[in-house]
Amino acid sequence: MSILNRREIMTLAGAAGVTAMFGATARSASAAATLPDLLYAKDALEPYIDAKTMEIHHDRHHQGYVNNLNNALADHPQLQEMPLDKLLADLDAVPESIRTAVRNNGGGHLNHSLFWRMMAPGGGEKDRGAIGAAIDSTFGSQENFQQTLGAAAGGQFGSGWAWLVASKGKLEVISTANQDSPVSLGKMPLLGVDVWEHAYYLKYQNKRADYVTAWWNVVNWDFVNQLFSQAKG
Ligand code: MN
């Protein structure tokens, strides 16, 4: 159930594209995590997600997770070489002294690396593709699915995420606190919405539900289907 390793995350963006992301695992010169570039302009998700929020969220918050993860792993070269999702899937194997830092910042790095790809300009229900049938079969309809995910997003007290995940061959909606990743629960993330206030407060203030409603307009179903294919494979 390997989703992305550290080196794949390093090349998440740019010309490499989705194929390379799931392909080569060649060693890089450095195992340090790096912030992936966005594949679209910071104002590309307007009016649903504003450019200033994207700038602060990507350039500062995500960069912070990257820096803190690298700091936590600085004296643990053998852990630096592990795929990030494997590291998060077995946190008990991480030394206690850095476990919380890896959980929070490794989770933050993985979650956000996926999140930027789970969004794109011009998303929408019409583009659901292959996962659309699975969503309708599981939840009854796209509308019901959006209500279920929206309820998980709204019900997450404080900071966290709401997710569509693949778990034991089935689709499921869950929420996680802080930067906890579904992979730490043995589940594969397919679509996630960040409900930390840093994701929406500039534009939506306390109106998290309005943000989540707007966010559906920028869901990148192509990428969701890439992850869905990985989950099935
Ligand atoms: Mn965030």
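The values are calculated or read from the model by the stated rules, or taken from the named source; none is laboratory data. Only a predicted model underlies this, so the values are computations on that prediction, with no experimental measurement involved. Reconstructed Cβ throughout: ideal geometry from the backbone, glycine too, with neighbour counts over all protein chains shown. Protein only, heavy atoms only, side chains kept; ligands, DNA and RNA dropped before computing areas. Shrake-Rupley method; radii C 1.70, N 1.55, O 1.52, S 1.80 Å.
At a 10 angstrom cut-off on C-beta neighbours, averaged per residue, how do the peptides 157-166, 107-116 rank from highest to lowest? Can you show the working numbers first?
Working: 157-166: 19.8, 107-116: 24.8.
Going from most to least packed, we get 107-116, 157-166.
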If you split all Cα-Cα distances of the chain into 10 Å bins from zero, what percentages do you get per bin, shortest first? 8, 34, 39, 17, 2
The correct ranking of LYS168, LYS207 by accessible area at 1.4 Å, largest first, is LYS168, LYS207
Segment 92-219: C-alpha gyration tensor shape, a/c 1.5 cut-off, then a/b vs b/c: oblate
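Within 11 Å, Cβ to Cβ, of ALA134, how many net charges do the neighbouring residues add up to if Lys/Arg are +1 and Asp/Glu are -1? Numbers along the way, then the final one.
Numbers: positive: ARG128, LYS170, LYS232; negative: ASP136.
So the environment of ALA134 carries a net charge of +2.
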Residues other than GLY150 with Cβ under 15 Å of its Cβ, Lys/Arg counted +1 and Asp/Glu -1, net out at -2
Cβ-Cβ cut-off under 15 Å around LEU91, Lys and Arg +1, Asp and Glu -1: the net charge is -1
If you build a Gaussian network model of the chain, linking Cα atoms that sit under 10 Å apart, which residue out of VAL66, VAL195, VAL94 swings the most? VAL94
